[in-house]
Amino acid sequence: MTSRERVLAALAHQGTDRVPRLLYEEVIGYTPPIERMLRERCAPQAPRDYFQMDLTRVPPEPTVLPRRRFAEWLGPDAERALAAGEVDEWGVWQQPGGFHHFSRMRSPLRSVRDLRRIEAYPWPDLDDAYRFATVAQRTAELHRRGLAVVGYAGMVFERAWYLRGFEDLMTDLLTAPDLAHALLERTAWFQRHAAEQFARAGVDIVITGDDVAGQGGLLMRRETWREFLKPRLAATVAAVKAVRPECRVFYHSDGNVEPLIPELIEVGIEILNPVQPECMDPAAVKRQYGDRLSFWGTVSAQRTMPFGTPADVRAEVRTRIREVGGGGGLILAPAHVLSPEVPWENVTAFFEAADSTVPEAAG
């Protein structure tokens, strides 16, 4: 099977020669220490090709808009932030935090109370045609190589709090719902547009998601999620399906998102990520929802990958394939990015175990 055939069969809950697998970073980016390690160890190949990962990401074209348009929103340190290249295309200042890839986030809409001021914000140009003009061509090239392709459509809740500040947005949900709706509708519009463009370009999976849970449970009441986020997620799924029904829609949330799973299924989510094993039981989730969902992730990125032995990694991989991969429905990956502590031997153990363990047929 080609990688794309393997992924599509697994998502159709059909048998495969082996479980589709990849490092999660192949679609969202590596931590700098892991990127350096893999670049050195996998040379002259890229990590994707060295490990023959089954999926890869095609991004939009980079923006041509100047970051300087955010100067008035960033305060007195704007010039330093802009000169250092630490401002993203949304105007969020990602100030280096002093530990690997972590950053201190400066939110340009913090403390803004005027809706007209929010409407006047210099938003990105992700709705400009040039941003997606080459996505279909690049997707087709990757398909010819036999790879499955994903498109990352972005976040709604997380993007809004990056812009607004977490405390301000969470307060808005309770005390200023009109302001919260206005900001979330703007970030949701960009997600819907990107999702639709990726689907139109022929990607196999559109990635959506928001971290709406911690390991102890949801970050907000289910009623709050239903009011502010569920309808906007449903609209994104509907936009994808209206363009290309066979394109799958993926939802990411770290933490214990199990209370929302029935409603994620209701709005049309087909792939759940990462099914974090520190707080969710992947086997139990598979038993309860595996006829309606596929799962991407499931291998511990907090414990096993950084601190386990290669034997521990192989054992967990085999357990996940046995308990979650039977009858298809599993794309195996560490549950999040690999932290700087992960040794090369554990990365190779992950792929070796995945490639030597055949998923069971549906039974």
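The values are calculated or read from the model by the stated rules, or taken from the named source; none is laboratory data. As the structure is a prediction and not an experimental result, all values here were calculated from the model. Cβ sites come from the backbone with ideal geometry, for glycine too, and all protein chains shown count toward neighbours.
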Quiz prompt | Qualifying position, being under 20 Å from the mean Cα position of the chain (by Cα) and either surrounded by fewer than 19 Cβ atoms within 10 Å (Cβ to Cβ) or closer than 26 Å to Val347 by Cβ (or both), among Leu23, Leu65, Leu38, Leu82 | solution = Leu23
Quiz item: Do the conditions hold for Ala120, that is, is it in the same structural domain as Gly146 (by TED's automatic domain parsing) and either free of Cβ contacts under 8 Å to residues at least 40 places away in the same chain or aromatic (Phe, Trp, Tyr) (or both)?
Solution: yes
Quiz prompt | Residue satisfying condition, being closer than 30 Å to Arg21 by Cβ and part of a helix (DSSP H, G or I), within set Arg116, Arg138 | solution = Arg138
Quiz item: What number of residues within the stretch 52-65 are more than 18 Å from Arg18 (Cβ to Cβ) and not in a loop (DSSP other than H, G, I, E, B)?
Solution: 1
Exercise. Identify, by number, the condition in (1) within 23 Å of Thr63 (Cα to Cα); (2) of a type in the set (Lys, Arg); (3) surrounded by 18 or more Cβ atoms within 10 Å (Cβ to Cβ) that Arg232 doesn't meet.
Key: (1)
Exercise. Give the residue that is surrounded by the fewest Cβ atoms within 10 Å (Cβ to Cβ), with candidates limited to residues of the stretch 237-292 that are in contact with a strand residue (DSSP E or B) (Cβ under 6 Å, 6 or more places away or on another chain) and of a type in the set (S, T, N, Q).
Key: Asn256
Quiz prompt | Wholly enclosed strands (runs of 3 or more DSSP E) of the stretch 202-309 bearing at least 2 residues touching a helix residue (DSSP H, G or I) at 6+ places or on another chain (Cβ under 7 Å) and among the hydroxyl-bearing types (Ser, Thr, Tyr) | solution = 294-299
Self-check item: Hits in the stretch 31-51 - residues which are in a loop (DSSP other than H, G, I, E, B) and either of a type in the set (Asp, Glu) or touching a Pro at 6+ places or on another chain (Cβ under 8 Å) (or both)
Solution: Thr31
